[in-house]
Amino acid sequence: MTPRALRLLDALDAHRAAVTARLDALPEAVVHTAPAPGTWSLAQLAEHLVLIDGGLRADGPPASALARATSGARSGGIRGVLALPLRIKGPASARYVMPSAAPRWPEVRERWRALRSGWRAASPAPPAG
């Protein structure tokens with residue numbers, strides 16, 4: 001695994017740890033209750049992240065120079081669309097990252113931890129030097 005890949009994995013682990021700490025500090029009812037009809041609970045949001053992480057691959061080809069150069073703009077565009085007060089039905093292909101109706105946070109937390117641990121275990125050691 002390259003030093004850059006290790007830094008990215010460290011950043012993802014720090015993100016997971018921060019989300020986990022915040023959810024662990026909340027009352028169970030807050031974590032497992034959707035704030036409004038048709039919305040997701042915090043546990044469902046976390047499960048969605050686990051499902052997305054499960055589809056990531058570290059052994060694919062590196063991103064192209066164009067993809068790297070435009071990733072910030074694309075991320076900003078996605079954030080802008082998600083901030084709009086409208087909801088669009090996801091395509092059928094998104095079913096693989098849709099959370100279950102009532103995930104339990106302790107189980108989701110453990111699946112997320114195991115998934116991320118598996119990434120490190122499956123990654124080759126960085127080159128010496």
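Considering (1) of a type outside the set (A, V, I, L, M); (2) closer than 24 Å to residue 13 by Cβ; (3) under 20 Å from the mean Cα position of the chain (by Cα), say which one residue 61 fails and leave the rest.
Here residue 61 meets the rest and fails (3).
Considering only residues that are part of a helix (DSSP H, G or I) and surrounded by 10 or more Cβ atoms within 10 Å (Cβ to Cβ), which ones fall in the range 57-75?
67, 68, 69, 70, 71, 74, 75
Filtering the range 22-34 down to residues that are in contact (Cβ under 8 Å) with a residue 60 or more places away in the chain and farther than 13 Å from residue 112 by Cβ, which residue is surrounded by the fewest Cβ atoms within 10 Å (Cβ to Cβ)?
Of the residues in the range 22-34, the ones in contact (Cβ under 8 Å) with a residue 60 or more places away in the chain are 23-24, 28, 31-32.
Right, trim to farther than 13 Å from residue 112 by Cβ and you get 28, 31-32.
Values: 28: 12, 31: 22, 32: 16.
This residue is 28.
Please name all residue pairs, on different chains or six or more residues apart, with Cβ atoms under 8 Å, provided the first residue is in the range 117-129 and is modelled with pLDDT of 80 or more and the second residue is assigned to a loop (DSSP other than H, G, I, E, B) and surrounded by 10 or more Cβ atoms within 10 Å (Cβ to Cβ).
Every condition considered, the pairs that remain are 119/58.
Of the numbered conditions (1) outside any helix (DSSP H, G or I); (2) within 26 Å of residue 118 (Cα to Cα), residue 19 fails exactly one; give the number of that condition.
All conditions pass for residue 19, except number (1).
State which residue is nearest to the chain's Cα centre (by Cα) when the search covers only the range 1-14 and only residues that are in a helix (DSSP H, G or I) and surrounded by 12 or more Cβ atoms within 10 Å (Cβ to Cβ).
Among those residues, the one meeting the criterion is 12.
The values are calculated or read from the model by the stated rules, or taken from the named source; none is laboratory data. The model shown is predicted, which means the values in this text are computed figures rather than measured ones. Note that we place each Cβ from the backbone using ideal geometry, even for glycine, and neighbour counts take in every protein chain shown.
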